[in-house]
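J.: Input: one structure, supplied below.
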Amino acid sequence: MKFLLATKQEMTQYFSDDGKCVAATLLSAGPVTVTEVRTKERDGYEAVQFGFGTQLPKRVNKPQIGALKELGVFRYMREYRPKSGGVADLKAGDKITVEAFAPGDDVEVSGTSKGKGFQGVVKRHGFHGGPRSHGQKHSEREPGSIGATGPQRVVAGTRMAGRMGSDRVTVKGLKVLAIDKANNLLLVSGAIPGRRGTLIEVKGYSTK
């Protein structure tokens, strides 16, 4: 099963064997601990629940501590449903490390993008703003008319100012460039959403 939880560290450059420079992102990946295995017979679907990171026990509710028992207290808990099965050979307490991946593997990553706060239409949607000619005052970055003269209301989906960022983003078509088993590091091609320390889900998949 090729699934890992990681935290984003930084962007860097990777030089391939043929001398090409590739933009890459360094992830501190795993190890993750299997906390529960859900089966079709008992739960109605197949999935694996993972725990990642450390947390103070006082910040976790008592039911969760009791459910995890001797496994420990984790900062992040995620559930993964593999498309091709393969949960039968896992059990609570098993650990998955960066060794689940190999250089050249195709992966997709998911994370929360950076929060930008409340932004206007120029930054949020790429509007050009009003004309810069004489007679215009304080209207360079205004949205202008929003139309909707027919229904006498603002039509749902109209591009306007508002909260930007902090969205779940999935990036596909990335490759594992290198792994460091000793330090639990994973180097993935391309840019990955989020800031330093953002929780990232790394999933392996086949392009064939």
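The values are calculated or read from the model by the stated rules, or taken from the named source; none is laboratory data. Predicted model only: the values in this text are computed from it and were never measured. Backbone-built Cβ (ideal geometry, glycine too); neighbour counts: all protein chains shown. Calculation scope for accessible area: heavy atoms of the full protein, side chains included, ligands and nucleic acids excluded. Shrake-Rupley method; radii C 1.70, N 1.55, O 1.52, S 1.80 Å.
J.: Can you name the residue in segment 70-82 that is open to solvent by 40 Å² or more (accessible area, probe 1.4 Å) and without any contact (Cβ under 8 Å) to a residue 60 or more places away in the chain and, of all such residues, is farthest from the chain's Cα centre (by Cα)?
T.: E70
J.: Check segment 141-162 and report whether any residue there is part of a strand (DSSP E or B) and either within 25 Å of the chain's Cα centre (by Cα) or over 30 Å from C21 (Cα atoms) (or both).
T.: Yes.
J.: Which of the following residues is open to solvent by less than 60 Å² (accessible area, probe 1.4 Å) and not in a loop (DSSP other than H, G, I, E, B): I179, I192?
T.: Only one candidate passes the filter, namely I179.
J.: Could you please give the count of residues in segment 110-140 that are free of Cβ contacts under 8 Å to residues at least 24 places away in the same chain and assigned to a helix (DSSP H, G or I)?
T.: Total meeting the criteria: 1.
J.: A further question on this structure: What's the number of the only condition in (1) open to solvent by 50 Å² or more (accessible area, probe 1.4 Å); (2) more than 25 Å from G173 (Cβ to Cβ); (3) touching a strand residue (DSSP E or B) at 6+ places or on another chain (Cβ under 7 Å); (4) not basic (K, R) that F15 fails to meet?
T.: Condition not satisfied by F15: (2).
So that you can scan it fast, the table gives a plain yes or no per residue for (1) surrounded by 12 or more Cβ atoms within 10 Å (Cβ to Cβ); (2) hydroxyl-bearing (S, T, Y):
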site: E108; (1), (2): yes, no
site: K116; (1), (2): yes, no
site: Q119; (1), (2): yes, no
site: R124; (1), (2): yes, no
site: S145; (1), (2): no, yes
site: P151; (1), (2): no, no
